[in-house]
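J.: Dumping the structure here so I can ask a few things about it.
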Amino acid sequence: MTGRQGTPILRPQMENAPNAAPCRVGLLVTCLVDLFRPTVGFAAVKLLEDAGCTVVVPQQTCCGQPAYNSGDKARAKQVARQVIAAFADVDYVVAPSGSCGGMLHDHYPELFADEPEMALAAQHLAKRSHELVSFLVDIRGVRHVAARFEGAVTYHDSCSGLRELGVKQQPRQLLRSVAGLSITELPGAETCCGFGGTFCVKYPAISDRMVTDKAEDVRRTGAGTLLAGDMGCLLNMAGKLSRLGVPVAVRHVAEVLADMADRPPIGAPGSK
């Protein structure tokens with residue numbers, strides 16, 4: 001994605017955003033969005049601008065989570081320094097991913113615990129870092145979106161967003177305002193899909209069993225679309241559903257909330 005900056009665009013959602021104070025948001029696009037689903041990044045920009053934010057996309061790299069989860073502290077620190085510097089001059093940092101948001105919010109301060117000066121910089125970044133939908137609801141006060149999506153959806157709660165950032169009711173609240181959409185709760189919605197970043201590489205058999213169980217739970221809902229807020233989970237579940245022949249479309253929640261679900265679902269031909 002290329003950088004983007006400009007004055008806030010006021011759309012109907014602003015009527016439902018009590019916190020309309022101007023703010024400058026830096027979008028952490030995330031590697032998987034950038035490489036596999038750039039439309040999620042553009043949907044995030046639209047949602048943030050609808051909420052009265054000026055959005056900038058600084059030059060950025062990975063958040064460092066793969067290195068951190070693999071125990072490579074030196075490389076994780078190297079990447080984290082770049083991220084901290086890139087987002088130093090924005091009011092908030094927002095990511096359309098609970099795992100990347102959790103890395104900035106929870107793990108950067110831990111990573112630099114042995115470097116007092118960098119620890120302060122990491123803590124300053126952590127206080128300003130949020131997952132996209134929770135930022136819209138909890139910080140900007142958005143209660144409704146001007147979007148339409150026909151059909152029943154089900155929602156998977158990604159582990160990092162749920163357990164590290166408390167993302168649970170926020171996406172459901174906004175989804176209930178989407179015209180034509182109905183939500184069917186997913187059995188075991190809070191159970192890991194088996195992706196877990198490097199977990200699926202280290203323990204492929206266990207990971208495959210977990211995502212197979214998740215796919216069966218999705219099938220049982222009868223919903224036509226599966227939503228979540230983290231591309232890693234979405235790619236994992238879309239792949240398994242496709243291999244099992246389960247006819248369920250998979251999308252990032254931001255695409256539906258931004259009324260940008262006209263592209264093919266994740267994993268379908270032409271879906272990037």
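J.: With springs only between Cα atoms under 10 Å apart, run a GNM on the chain and tell me which of LEU165, LEU104, LEU28 wobbles the most.
T.: Comparing LEU165, LEU104, LEU28 in a Gaussian network model of the chain, the most mobile one is LEU165.
J.: For the stretch 144-257, what Kirkwood radius comes out of the mean inverse Cα-Cα distance, in Å?
T.: In the stretch 144-257 this quantity evaluates to 14.1 Å.
J.: Show me, for the stretch 160-165, the HN-Hα J-couplings you get by feeding each phi into the Karplus relation (A = 6.51, B = -1.76, C = 1.60, θ = phi - 60°), rounded to Hz, glycine and proline as x.
T.: 5, x, 5, 8, 9, 10
J.: Place a +1 charge on the Cβ of each Lys and Arg in the stretch 12-138 and a -1 charge on the Cβ of each Asp and Glu, then give the dipole magnitude about the Cα centre in debye, rounded to the nearest 20.
T.: 260
J.: Give me the count of lysine pairs in the chain whose alpha carbons sit under 19 angstrom apart, restricted to pairs 8 or more positions apart or on different chains.
T.: Step by step, the pairs that qualify in the chain add up to 7.
J.: Ok, one more. Just from its helices, what would the mean residue ellipticity at 222 nm be for the chain, if runs of 4 or more DSSP H residues each count -39500 (n - 2.57) and the sum is divided by every residue, rounded to the nearest 500 deg cm²/dmol?
T.: The helix contribution divided over the chain gives -11500 deg cm²/dmol.
J.: Among SER97, SER70, SER177, which one moves the most in a GNM of the chain with springs linking Cα atoms closer than 10 Å?
T.: Residue with maximal mean-square fluctuation among SER97, SER70, SER177: SER70.
J.: Within 10 Å, count the other beta carbons around each residue, average over each peptide in 114-120, 78-84, 251-257, and list them highest first.
T.: Averaged packing, sorted descending, gives the order 251-257, 78-84, 114-120.
J.: Run the numbers on the stretch 144-257 and let me know its relative contact order in percent, using alpha-carbon pairs under 8 Å that are six or more apart.
T.: Relative contact order for the stretch 144-257 comes out at 32 percent.
J.: Using +1 on the beta carbon of Lys and Arg, -1 on that of Asp and Glu, and nothing else charged, what's the dipole of the chain about the Cα centre, debye to 20?
T.: 460
J.: Continuing with this model, one more query. I want to verify a result. In a Gaussian network model of the chain, Cα cutoff 10 Å, which of these has the top mean-square fluctuation: GLY52, GLY180, GLY102?
T.: Evaluated over the chain, the most mobile residue of the options is GLY180.
J.: Separate question: So which helices of the chain fit the span-like rule, where a helix is a whole DSSP H run, its Cα atoms reach 27 Å or more along the axis, and its mean Kyte-Doolittle is at least -1.0?
T.: What comes out of the filter, once short or polar helices are dropped, is none.
J.: For every other residue with a beta carbon closer than 10 angstrom to the beta carbon of GLU164, add +1 if it is Lys or Arg and -1 if Asp or Glu, then tell me the sum.
T.: -1
J.: In vacuum, with every alpha carbon of the stretch 21-113 counted as one equal point scatterer, what does the Debye formula give for log10 I(q)/I(0) at q = 0.11, 0.16, 0.17 Å⁻¹? Two decimals, please.
T.: -0.31, -0.64, -0.72
Every number in this text was worked out from the coordinates using simple rules, so none of it is lab data. If you're wondering where the values come from, they're calculated on a predicted model, not measured in any experiment. Glycine gets a Cβ as well: all are built from the backbone with ideal geometry, and neighbour counts include every protein chain shown.
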